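Asker: Got a structure for you, written out below as structure tokens; questions coming shortly.
The values are calculated or read from the model by the stated rules, or taken from the named source; none is laboratory data. Everything numeric here is computed off the predicted structure, so don't read it as measured data. No Cβ is skipped: glycine too gets one built from the backbone with ideal geometry, and neighbour counts run over all protein chains shown.
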């Protein structure tokens, strides 16, 4: 947009703290003297409460009919960033015609503008069609000294701000509101360096049109005789530098890192407590194929050289091949001795001395077969002095010193065109002979039959055992994978489709593993059930196979078995399982496809292939086994056991579902509870809401795992019971199809509550259908009788994994994490192990408990501080982590926890640390069944739609109206979330969420000082609840509006990565001012009448619901 001087407006924002005199005499005075006055003058007070009165009097003393003056208290994080963002929130709440024509001009309370500052900035923005302007300033460091002239940068460049501050600070920042919102405002986690941080995020947007004014238009006072943020050794400055370093050091190059640290130490006496993790040593790991032309060098010299390389290679080499040719006759005894020496070192040797071949061709071919290997050739013995410059790595330095030369990739390709079939066959025979000799040496068996040759290994058998000789690793971290195999492989017994590995022996850089031999035939596709059994076994073993393929499977009499045990066996991880499932589908249905290798590769990127048309049906068959079942059995909490074993009690679980495939994993995990001796019985009641009972039963029949005792309440049964009056007159009609969640919960709770009332020793557990249980349930279920003895009626458990909030409410934080992590990973060598930054994440989780919720009322400093991608398993490389990041990135719009997965805290004694709460979710234990039978889920309907948060209102009614005791406890369930590809922007559901959460917040605020209130409201009280609800609603709307702009800005920044094009196009298309305006209009339809009607119905509707079942003669059984 072009900014005309007459159309563009200015909002002046001044954050102040404990400086009423400077605020009045310097900052405000300079604003009043401007030749172009602003439209808004906003002063945000960050002073302690006792000092705020003076500042308020200063602002109230101003009067102007030309512009709007507003005094605000900091409503966000303490500090300048929170104060500035408070002003931005205020402006977002105003009816501004266009955010791109309102410019924000920031001024520190101890600085002053020259009289033409605003006019000049507006003129420059208009003349140059720019949305950001920075002017020069005079820096006054002490009285009596001449000021220092400081000019702004000619252009915005991220490099400048990573190194230092090139001249943009708190008083010469002038930019449009829309750009500020797209950049995310100020990072409240930073106590200093906020201007640098903001400018880096502005640079990332790609929409900044910046212009500088190369003359001073303001005075910046950096007096050394008073405390300021930039004062050396000040806690705030050091804390800000540490947070900035943690946020950005991962994306810095060496020069930027050095400049940042040098400046921080020189000016502020700060340096990081610990050095950043580096990967220099790991990055040096290589695979080596060395070709030696024998004849002109003694075997003694060669042995010494090989031994030296081999010794150093213990740390730096992941693979070592030796290729030998000869130009003249050799002493066969010396050659035999040399070959024995090489074999003892565990080096794979290709003896081509009897062949008439070029050493370059032979070496090039072997290196090509071992992808990632460097090819070097040593002709003659020509030792050289080591060059003075730093070598790429130690191995290449030794080779260069010996006189060897490296073959470049181009020359390799040229050589391959001249390959001879006889040479290729001889090289393969050398590899086979080496494997035979190695097996014979290790196992004293020579009667071996060749079963196969693969890119990674030679496979042989003696008729009893299979020997797999792995002489090439596809990855650069074989040590971690070998440790994993050695630790896990013996535990794979009695798992269909898997062989338990008997022995794993390292011999140099080669690994030999064994497993039982049995008669089999080549797998040629089909046998779907047996392949699914194999996938099930992988999940039970806690592994995935990255190369499911017909050639890696065999068909025995009863099973389809995996025979690929090597670098493709990795610890279980979500993406690995998904890729394994896709490859398994193609293996079953397209085993003979001529382009199977291509299809396998493409399927990892997309399932939109003609050959993958039936995949979604196949994938649904894997529900319940698509998780790390081994880890689920091993999961533990730091809970102590109750002092006395609990008396046996029955557990009745209630679930609502409209998706049988989503429900199945929960039912599978519930079935495991039957093993717990303290549970006399486990019953599950499933209420159908949007699915038929017959379709639900059909899905359950396919389950690979037990289901337990499940009772399904069909829609027809619900209709019949509603008409009979079971749920009271308010719910006497059960519409066909899916009903609102509050209606469905009320019905489920009645069924479950009646079941528990019929059995006094029964406890109820209400769960959402997208939950999964694990072995930790055994620990915390044993505590429920203790809570019962303590008089607790309801225990509210915790979520783990996906957030329970709508995806939109966590999307902003996830997207900015995505951007930061890509920038970090792109600076790391791709073949090193992913650095573990989980410690940084833990600190942030402890500091910001709502870290996963962008609209949190508890804190607002968490949304611009990044959370880092954590290793999915030990040994995951940077390349694998990056692939995982991009694979799951599109799912953030459906709520997938890419980086901000919920990890609940746990105490040793849950009863001692239990707290009062009404924050109910989808994991609730109900000890007193009256909480279920007497209280429906109540929520207002606005224009025919139910607002959300009825579960929390249910808790409020039970606490305040029925006087029940409701506590929270650290009892977690895994929340998988609904990550199907559904659009995040279902405006109706977003509207329902905002209205429900606003009402919940309004009620909470009202009841905060009225613990004994029974929820029977007077008219005056209803007005107070409405006023609190309206405030909460408006705050949420502002924060959601700001999130819309920030999401759009993040999409602009992420669009630079081709892998995210589709995601970014969707985000830019969806998150725009028109959409938020429409949502705002819908939400503001909620009015005082809706609140009045709802609050007045709480008591009578609860009474009708409680009495309803008493009229039913036959108790639902």
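Asker: Name the pairs whose Cβ atoms lie under 6 Å apart, with the first residue in the stretch 263-277 and modelled with pLDDT of 90 or more, the second outside any helix (DSSP H, G or I) and surrounded by 12 or more Cβ atoms within 10 Å (Cβ to Cβ), and 6 or more positions between them or separate chains?
Answerer: Hits for this filter: 263/164; 264/270; 265/271; 268/232; 269/232.
Asker: Follow-up question, since we're still on this one. Go through the stretch 631-658 and give me each residue that's under 27 Å from residue 542 (Cβ atoms) and surrounded by fewer than 17 Cβ atoms within 10 Å (Cβ to Cβ).
Answerer: Hits for the stretch 631-658 are 631, 633, 634, 636, 638, 641.
Asker: Name the residues in the stretch 116-135 that are assigned to a loop (DSSP other than H, G, I, E, B) and surrounded by 14 or more Cβ atoms within 10 Å (Cβ to Cβ), would you?
Answerer: To start, the set of residues in the stretch 116-135 that are assigned to a loop (DSSP other than H, G, I, E, B) comprises 116, 129-131.
Correct list: 116, 130, 131.
Asker: Taking the stretch 294-346, which residues are closer than 24 Å to residue 480 by Cα and at pLDDT 85 or above?
Answerer: 309, 320, 321
Asker: Identify the residue in the stretch 1081-1096 that is in a helix (DSSP H, G or I) and out of contact with any helix residue (DSSP H, G or I) (no Cβ under 8 Å at 6 or more places or on another chain) and, among all such residues, is surrounded by the most Cβ atoms within 10 Å (Cβ to Cβ).
Answerer: 1090
Asker: Restricting attention to the stretch 64-93, which residues are out of contact with any helix residue (DSSP H, G or I) (no Cβ under 9 Å at 6 or more places or on another chain), at pLDDT 90 or above and either outside the structural domain of residue 22 (by TED's automatic domain parsing) or in a loop (DSSP other than H, G, I, E, B) (or both)?
Answerer: Narrowing the stretch 64-93 to residues out of contact with any helix residue (DSSP H, G or I) (no Cβ under 9 Å at 6 or more places or on another chain): 65-68, 78, 82-83, 86-87.
Applying the additional criterion that residues be at pLDDT 90 or above yields 68, 78, 82-83, 86-87.
The one that is out of contact with any helix residue (DSSP H, G or I) (no Cβ under 9 Å at 6 or more places or on another chain), at pLDDT 90 or above and either outside the structural domain of residue 22 (by TED's automatic domain parsing) or in a loop (DSSP other than H, G, I, E, B) (or both): 78.
Asker: Something else now. Could you identify the single residue in 1051, 1081, 1108 that is closer than 30 Å to residue 1003 by Cα and touching a residue at least 60 places away in the same chain (Cβ under 8 Å)? Give the derivation first.
Answerer: On the way: 1051 fails: closer than 30 Å to residue 1003 by Cα; 1081 fails: touching a residue at least 60 places away in the same chain (Cβ under 8 Å).
Going through 1051, 1081, 1108 in turn, just one is closer than 30 Å to residue 1003 by Cα and touching a residue at least 60 places away in the same chain (Cβ under 8 Å): 1108.
Every residue, every condition in (1) surrounded by fewer than 18 Cβ atoms within 10 Å (Cβ to Cβ); (2) touching a strand residue (DSSP E or B) at 6+ places or on another chain (Cβ under 7 Å); (3) modelled with pLDDT under 90; (4) over 14 Å from residue 538 (Cβ atoms), yes or no:
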{"position": "567", "(1), (2), (3), (4)": "no, no, yes, yes"}
{"position": "585", "(1), (2), (3), (4)": "no, no, no, yes"}
{"position": "593", "(1), (2), (3), (4)": "yes, no, no, yes"}
{"position": "614", "(1), (2), (3), (4)": "yes, no, no, yes"}
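Asker: Can you tell me how many residues in the stretch 457-489 are closer than 24 Å to residue 557 by Cβ and outside any loop (DSSP other than H, G, I, E, B)?
Answerer: Count: 8.
Asker: Restricting attention to the stretch 854-877, report how many residues are farther than 29 Å from residue 198 by Cβ and in contact with a helix residue (DSSP H, G or I) (Cβ under 9 Å, 6 or more places away or on another chain). Outline the logic, then answer.
Answerer: Quick first cut of the stretch 854-877, residues farther than 29 Å from residue 198 by Cβ only: 871-877.
Applying the additional criterion that residues be in contact with a helix residue (DSSP H, G or I) (Cβ under 9 Å, 6 or more places away or on another chain) yields 871-876.
Of the residues in that region, 6 qualify.
Asker: Select from the stretch 1016-1061 the residues that are over 21 Å from residue 1098 (Cα atoms) and not in a helix (DSSP H, G or I) and list them in ascending order.
Answerer: Once the filter is applied, which keeps residues that are over 21 Å from residue 1098 (Cα atoms) and not in a helix (DSSP H, G or I), the stretch 1016-1061 yields 1055, 1056, 1057.
Asker: Right, next: Just to verify a result, which residue in the stretch 515-530, among those that are in contact (Cβ under 8 Å) with a residue 60 or more places away in the chain and surrounded by 15 or more Cβ atoms within 10 Å (Cβ to Cβ), is farthest from residue 703 (Cα to Cα)?
Answerer: Keep residues of the stretch 515-530 that are in contact (Cβ under 8 Å) with a residue 60 or more places away in the chain, which gives 523-528.
Subset that is surrounded by 15 or more Cβ atoms within 10 Å (Cβ to Cβ): 523, 525, 527-528.
Numbers: 523: 25, 525: 23, 527: 17, 528: 14 Å.
Only one residue fits best here, namely 523.
Asker: In the stretch 904-912, is there at least one residue being in contact with a helix residue (DSSP H, G or I) (Cβ under 9 Å, 6 or more places away or on another chain), modelled with pLDDT of 90 or more and either within 23 Å of residue 987 (Cα to Cα) or part of a loop (DSSP other than H, G, I, E, B) (or both)?
Answerer: No - not one qualifying residue is present in the stretch 904-912.
Asker: With (1) touching a residue at least 24 places away in the same chain (Cβ under 8 Å); (2) more than 24 Å from residue 557 (Cβ to Cβ); (3) touching a strand residue (DSSP E or B) at 6+ places or on another chain (Cβ under 7 Å) as the list, and residue 503 as the residue in question, which single condition is left unmet?
Answerer: Result: residue 503 passes all but (1).
Asker: So how many residues does the stretch 20-51 have that are closer than 29 Å to residue 8 by Cβ and not in a helix (DSSP H, G or I)?
Answerer: Counting residues in the stretch 20-51 that are closer than 29 Å to residue 8 by Cβ and not in a helix (DSSP H, G or I) gives 14.
Asker: If we scan the stretch 695-704, do we find a residue that is surrounded by 20 or more Cβ atoms within 10 Å (Cβ to Cβ), in contact with a strand residue (DSSP E or B) (Cβ under 8 Å, 6 or more places away or on another chain) and either under 14 Å from residue 932 (Cα atoms) or assigned by TED's automatic domain parsing to the domain that holds residue 540 (or both)?
Answerer: no
Asker: Kindly indicate which of 689, 683 is within 34 Å of the chain's Cα centre (by Cα) and surrounded by 18 or more Cβ atoms within 10 Å (Cβ to Cβ). Lay out the reasoning, then the answer.
Answerer: Working: 683 fails: within 34 Å of the chain's Cα centre (by Cα).
Being within 34 Å of the chain's Cα centre (by Cα) and surrounded by 18 or more Cβ atoms within 10 Å (Cβ to Cβ) holds for just one of 689, 683, which is 689.
Asker: For the stretch 718-738, give me each residue that is without any contact (Cβ under 8 Å) to a residue 24 or more places away in the chain and surrounded by fewer than 17 Cβ atoms within 10 Å (Cβ to Cβ). Talk me through it step by step, then tell me what you get.
Answerer: Restricting attention to the stretch 718-738, the residues satisfying the condition of being without any contact (Cβ under 8 Å) to a residue 24 or more places away in the chain are 719-720, 723, 732-736.
Once the filter is applied, which keeps residues that are without any contact (Cβ under 8 Å) to a residue 24 or more places away in the chain and surrounded by fewer than 17 Cβ atoms within 10 Å (Cβ to Cβ), the stretch 718-738 yields 719, 720, 723, 732, 733, 735, 736.
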